[in-house]
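Asks: Following this message is one structure expressed as structure tokens.
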Amino acid sequence: MSSANLAAGQIQAFLTGQTVSSLLRALLWLVAGIPASVLLSRYVRKQLLLKYTQHQALLASRAVLYLSLGFVVVSVLDELGFKLSHLLGAAGIVGVAVGFASQTSISNVISGLFLIAERSFEVDDVVSVNGITGQVLSIDMLSVKIRTFDNKFVRIPNETIIKSELTNITRFPIRRLEIDVGVAYKEDIGRVRDLLLEIARNQPQCLNEPEPTVVLKGFGSSSVDLQLLVWATKADYLRVKNALTEEIKRRFDEEGIEIPFPHVSLYAGSATDPIPIRMVS
Amino acid sequence: MAHSYDEDVQPPEDSWVRLWLDDAQVSLVPALPDLPVVVRPEQPFRLPPGHAVELTVALPLWVQMRTDDSSPALLDLATVSLSKSWFGSFTDGVLAYWVHSDLQHGDAPPNALPHQAVLWFRVSNTAREILEVDHFTIPAPNLSLYSDGQRFWLEPLTLTYRGSRLHTQIQRRKRPPRVAGRVTETTPPRESSARTFVGRVFGRRGELPGLGVRFR
């Protein structure tokens, strides 16, 4: 008997009526189960979004997706005649092998669980990690997806975030913004301070409480350095910063308050005399 | 706060709103502010334990444009531009409008401009400590607006201070204040609430320092 005939005979023996029906059922589980899991996960997310935050809806829908996919896989294996108890036994041995092979991935998965449990940030928060600042789109099994403000998509592995310093910029509802202002030494500091506070109070988006404050930072090389501290909601932060900077420049020009730029005084050997000029020709 | 009106000054281009309506009649309805209002009296006051005081304060009104009572407002505009404030802690609180106003005794005829509504309220101090009031918040979105034909009135309130560790009890009173005439409801509350509820009402000076840190 040729080897081709032998193989055909073995396939024929394998494909009994019961085996074919098991294969078909397994295929049906795969074909129907995977799209059903995805649809169920999407439905759960849509429904939860009506009542809960984006972050909570995303986490719950992911849990539903992974559980239902796990159920589909177990059902497929069951149809193919694999016993769950045997699989779990084998999983121990396979787990060690896979664990060594995919240390990074497993580390990311575990880091992801810590990130979710710690709740340092949520979906839609604006965070800064390793110099990358953007809005969190999703917290996934292996990575966190971020949209930067110039519309780049950044994927940061969960492990990197766990190991790095992370700043959540929008965690708290209000933020303090700092505007550095330098004025000439000849200016009356009290008058400048009052003017800065008046500018802040006249800006409607600038919060009255916590109240605007002016800090005298020190004497710079060419200016007296002040800092205007004002509070705004996180939504108004940039708008207030732009509006205040523009208004400070306008009011200082109007009031004749000099904002100096670095300049150099040439010393000609005498504290009061002007620099001597001699006509050569 | 000084406000002036100049007929020659045109509103900014982006403030115009174009509406397309199907032969519908529109009406302009007075309304209360869409956020709580933090009132800072010209003069802070203290209320000893066991004492109560009845006061009035004038709050600016909003104007809504509606096609009918049940439809959402097509426009919702403040009659005066108010600055904003934060009421609460650095990590948790509410956004509110900020109003500098003079408080009047509750029995005195209220001093309110046409674009303002008068709130009559009673503050009672049931705590064992002195109540120091630098500013206080009015839950304007939870209150109804009334009119007696002469002026607008807010639903009267009773504010019961129970100590700095407890929230203040806020009770919406059904009866209009004595100084008001016969009133009818003009606008229902923007947000529904129980007739009696609790919340932070009174604030002390320097509670939220601008530096973001409190030195003790």
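Asks: Go through (1) within 29 Å of A:Arg201 (Cα to Cα); (2) touching a Ser or Thr at 6+ places or on another chain (Cβ under 6 Å) and name the single condition B:Glu155 misses.
Replies: Single failed check for B:Glu155: (1).
Asks: Taking the conditions exactly as written (within 14 Å of chain A (Cβ to nearest Cβ) and either loosely packed, with under 14 Cβ neighbours inside 10 Å or β-branched (Val, Ile, Thr) (or both)), does B:Val80 satisfy them or not?
Replies: The answer is yes for B:Val80.
Okay, residues lined up against (1) in a loop (DSSP other than H, G, I, E, B); (2) within 13 Å of chain A (Cβ to nearest Cβ):
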{"position": "B:Val39", "(1), (2)": "no, yes"}
{"position": "B:Leu59", "(1), (2)": "no, no"}
{"position": "B:Asp68", "(1), (2)": "yes, no"}
{"position": "B:Asp76", "(1), (2)": "no, no"}
{"position": "B:Phe87", "(1), (2)": "no, yes"}
{"position": "B:Phe90", "(1), (2)": "yes, yes"}
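Asks: Now a separate question. Conditions first: (1) under 30 Å from B:Trp16 (Cα atoms); (2) at pLDDT 90 or above; (3) not small (Gly, Ala, Ser). B:Pro72 passes all but one, so which condition is the exception?
Replies: If we test B:Pro72 against (1) under 30 Å from B:Trp16 (Cα atoms); (2) at pLDDT 90 or above; (3) not small (Gly, Ala, Ser), just (2) comes out false.
Asks: Could you list all residues from the range B:192-215 that are of a type in the set (Gly, Ala, Ser) and either surrounded by 13 or more Cβ atoms within 10 Å (Cβ to Cβ) or within 13 Å of chain A (Cβ to nearest Cβ) (or both)?
Replies: Listed by number, the residues that qualify are B:Ser193, B:Gly199, B:Gly203, B:Gly206, B:Gly210, B:Gly212.
Asks: Give the range B:144-179 a look and list any residue that's buried (at least 19 other Cβ atoms within 10 Å of the Cβ) and in contact with a Lys or Arg (Cβ under 8 Å, 6 or more places away or on another chain), or say none.
Replies: B:Glu155, B:Pro156, B:Leu157, B:Leu159, B:Thr168, B:Arg172
Asks: Pick from the range A:111-137 the residues that are without any contact (Cβ under 8 Å) to a residue 40 or more places away in the chain and in a helix (DSSP H, G or I): which of them is farthest from A:Asn168 (Cα to Cα)?
Replies: A:Leu113
Asks: Hey, another quick one. Looking at A:Gly33, A:Gly99, can you tell me which residue is out of contact with any strand residue (DSSP E or B) (no Cβ under 7 Å at 6 or more places or on another chain) and either under 30 Å from A:Ser164 (Cβ atoms) or assigned by TED's automatic domain parsing to the domain that holds A:Ser143 (or both)?
Replies: A:Gly99
Here's the yes/no breakdown for (1) within 12 Å of another protein chain (Cβ to nearest Cβ); (2) polar (S, T, N, Q):
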residue: A:Ile161; (1), (2): no, no
residue: A:Glu165; (1), (2): no, no
residue: A:Thr170; (1), (2): no, yes
residue: A:Phe219; (1), (2): no, no
residue: A:Ala232; (1), (2): yes, no
residue: A:Leu238; (1), (2): no, no
residue: A:Glu246; (1), (2): no, no
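Asks: I'd like the residue in the range A:142-165 that is touching a residue at least 40 places away in the same chain (Cβ under 8 Å) and among the aliphatic types (A, V, I, L, M) and, out of all such residues, is surrounded by the most Cβ atoms within 10 Å (Cβ to Cβ).
Replies: Among residues in the range A:142-165 that are touching a residue at least 40 places away in the same chain (Cβ under 8 Å) and among the aliphatic types (A, V, I, L, M), the one surrounded by the most Cβ atoms within 10 Å (Cβ to Cβ) is A:Ile161.
Asks: Quick one: B:Leu95 ticks every box in (1) in contact with a Ser or Thr (Cβ under 7 Å, 6 or more places away or on another chain); (2) surrounded by 14 or more Cβ atoms within 10 Å (Cβ to Cβ); (3) more than 14 Å from chain A (Cβ to nearest Cβ) bar one, so which box is it?
Replies: The number of the failed condition is (3).
Asks: OK, next. Go through the residues of the range A:85-92 one by one and say whether even a single one is in the same structural domain as A:Gly33 (by TED's automatic domain parsing), in contact with a helix residue (DSSP H, G or I) (Cβ under 9 Å, 6 or more places away or on another chain) and assigned to a loop (DSSP other than H, G, I, E, B).
Replies: no
Asks: Hey, another quick one. Tell me which residues, restricted to the range A:224-251, are assigned to a helix (DSSP H, G or I), of a type in the set (Lys, Arg) and in contact (Cβ under 8 Å) with a residue 60 or more places away in the chain.
Replies: Of everything in the range A:224-251, just one residue is assigned to a helix (DSSP H, G or I), of a type in the set (Lys, Arg) and in contact (Cβ under 8 Å) with a residue 60 or more places away in the chain, namely A:Lys241.
The values are calculated or read from the model by the stated rules, or taken from the named source; none is laboratory data. As the structure is a computational prediction, the values presented were derived from the model and not from experiment. Glycine also receives a Cβ, built like all others from the backbone with ideal geometry; neighbour counts cover every protein chain displayed.
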